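Novice: There's a structure below that I have some questions on.
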Amino acid sequence: MITFQYTAKNKDGGTTKGLVEAESEGAAAKLLIARGLTPLDITLKQSGSKLLTKLTTHVKTKDKVIFTRQLATLLNAGLPLTQSLYTASEQTENKQLALVLSQVISSVEGGVSFSEALSKHPDIFNDVYVALVAAGETSGTLDQALERIADQQEKDADMISKVRGALVYPIIVTAVIVAVVVFLLTTVVPQIELLYKDFNKELPFLTSVLIGIAKFITNFWWLIIAILLVGGFFFRQWLKTSAGTIFADRLKLKIPLFGDLYVKLYMARFSRTGQTLIASGVQMLEMLRITARAVDNVHVAKAITRASEKVKGGKALSESLKAEDVFLSLVPQMIKVGEQSGSIDKMMGKSASYYENELDNKIKTISTTIEPVLMVFLAIVVGGIVLAILVPVYNLASESLG
């Protein structure tokens, strides 16, 4: 339930104000009429709305997929759109999504098209979602369009999850390496200094360096943490800027080992999104405009935009994409076959499936390749520290025995 503030006329002709809880603005109006009041103004309670926004979490793809499939099923069963939206919104467990859906329902009840109502919430319903709904409304196949949306969202989320999974392992191993090094530096290395003081001996150069690092970590650990937190915060803020986004997206394409992984991800995302849009009846230029935003990489998006300008000038899409370095050769080749056979959507679907499989294989390859590399790196780092500890001890032992 959502809390609304209302101003209404009562039976005596006077004006009254208050709060009412309902699923939507329209439902609140009906509830007031049933109480014998004539609504003059109904608005969301601002404090409650802000509090709800702060307390609720981001809408997960899983929640949107469930809502989309439920709505498609209800529409396919013959229920009106408004009733289907009411029913589907009642089933969602995400409060933020429920709040947004209540606003969408109010807009639809007010005469706004479903796609236009969704477009007012771009953080939750992106261009692809809105375009497919609009195409479904135009063709009278909204339920089928919603099914396509759910399929597309699930496959895209699955790809992103696999890529993130590939990145998690090296991050965890690197964190373990850092933890082991810090432990050795702060607990074992200082003991060597005490040992040498007892024997009035001068420390070896490497051991002196390690002891200096150990002292700095021990005495200024708070400064290190502060620098990391502040630096991390400002770096994240910078990544949100235009220059930061361009840098990060370029790095994703060029970074060793993982660059090819991201390229295949973008190829699969472009192909799958394009297939879904074209199959739903979206025009070519509109499809390119939407996919440019959907790929989530500024450099790939610019390539799609340049190709779109060439298509607008009368050039074939396959030829336009072939000239772009960021696009792997299979994509324009498959599109060319689709242009010749009149089935671009099917060929883009096959291209998407190919790169999704390639993505799986690439992730497996990275997992098997990076593990021994990280283990060797760990052995070198820890082995170097251990040598810096054992060699001085061995020298002292030799001198004392000699």
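The values are calculated or read from the model by the stated rules, or taken from the named source; none is laboratory data. All of these numbers come straight from a predicted model, not from anything done at the bench. Neighbour counts run over all protein chains shown; Cβ positions are idealised from the backbone, glycine included.
Novice: Which of the residues that make up region 203-262 are among the hydroxyl-bearing types (S, T, Y) and closer than 30 Å to F327 by Cα?
Specialist: Let us first name the residues in region 203-262 that are among the hydroxyl-bearing types (S, T, Y), namely 207-208, 218, 241-242, 245, 262.
T241, S242, T245, Y262 - these are the residues of region 203-262 that are among the hydroxyl-bearing types (S, T, Y) and closer than 30 Å to F327 by Cα.
Novice: In region 246-255, what residues are modelled with pLDDT of 90 or more and not charged (D, E, K, R)?
Specialist: Of everything in region 246-255, those that are modelled with pLDDT of 90 or more and not charged (D, E, K, R) turn out to be I246, F247, A248, L251, L253.
Novice: Considering region 73-96 alone, what residues qualify as being under 17 Å from R148 (Cβ atoms) and either surrounded by fewer than 19 Cβ atoms within 10 Å (Cβ to Cβ) or in contact (Cβ under 8 Å) with a residue 60 or more places away in the chain (or both)?
Specialist: Selection gives T73, L75, N76.
Novice: Given the residues K312, K240, which is the only one that is loosely packed, with under 13 Cβ neighbours inside 10 Å and modelled with pLDDT of 90 or more?
Specialist: Going through K312, K240 in turn, the sole match is K312.
Novice: So which of L99, L184 ends up being assigned by TED's automatic domain parsing to the domain that holds L390, surrounded by 15 or more Cβ atoms within 10 Å (Cβ to Cβ), over 29 Å from R272 (Cα atoms) and touching a residue at least 60 places away in the same chain (Cβ under 8 Å)?
Specialist: L184
Novice: Is there a residue in region 105-113 that is at pLDDT below 85, outside the structural domain of L81 (by TED's automatic domain parsing) and either surrounded by fewer than 18 Cβ atoms within 10 Å (Cβ to Cβ) or assigned to a helix (DSSP H, G or I) (or both)?
Specialist: No, there is no match, as no residue in region 105-113 is at pLDDT below 85, outside the structural domain of L81 (by TED's automatic domain parsing) and either surrounded by fewer than 18 Cβ atoms within 10 Å (Cβ to Cβ) or assigned to a helix (DSSP H, G or I) (or both).
Novice: Check every one of the helices (runs of 4 or more DSSP H) wholly within region 167-268 and list those with 3 or more residues that are under 29 Å from S351 (Cα atoms) and touching an Asp or Glu at 6+ places or on another chain (Cβ under 7 Å).
Specialist: Values: elements: 189-198, 205-219, 221-239, 242-254.
In region 167-268, no matching helices (runs of 4 or more DSSP H) lie anywhere.
Novice: Another question, if that's okay. Examine region 50-61 for a residue that is in a strand (DSSP E or B), of a type outside the set (V, I, T), modelled with pLDDT under 80 and in contact with a helix residue (DSSP H, G or I) (Cβ under 9 Å, 6 or more places away or on another chain), and state whether such a residue exists.
Specialist: In the first step, residues of region 50-61 are kept if they are in a strand (DSSP E or B); the result is none.
No, because not a single residue in region 50-61 is in a strand (DSSP E or B), of a type outside the set (V, I, T), modelled with pLDDT under 80 and in contact with a helix residue (DSSP H, G or I) (Cβ under 9 Å, 6 or more places away or on another chain).
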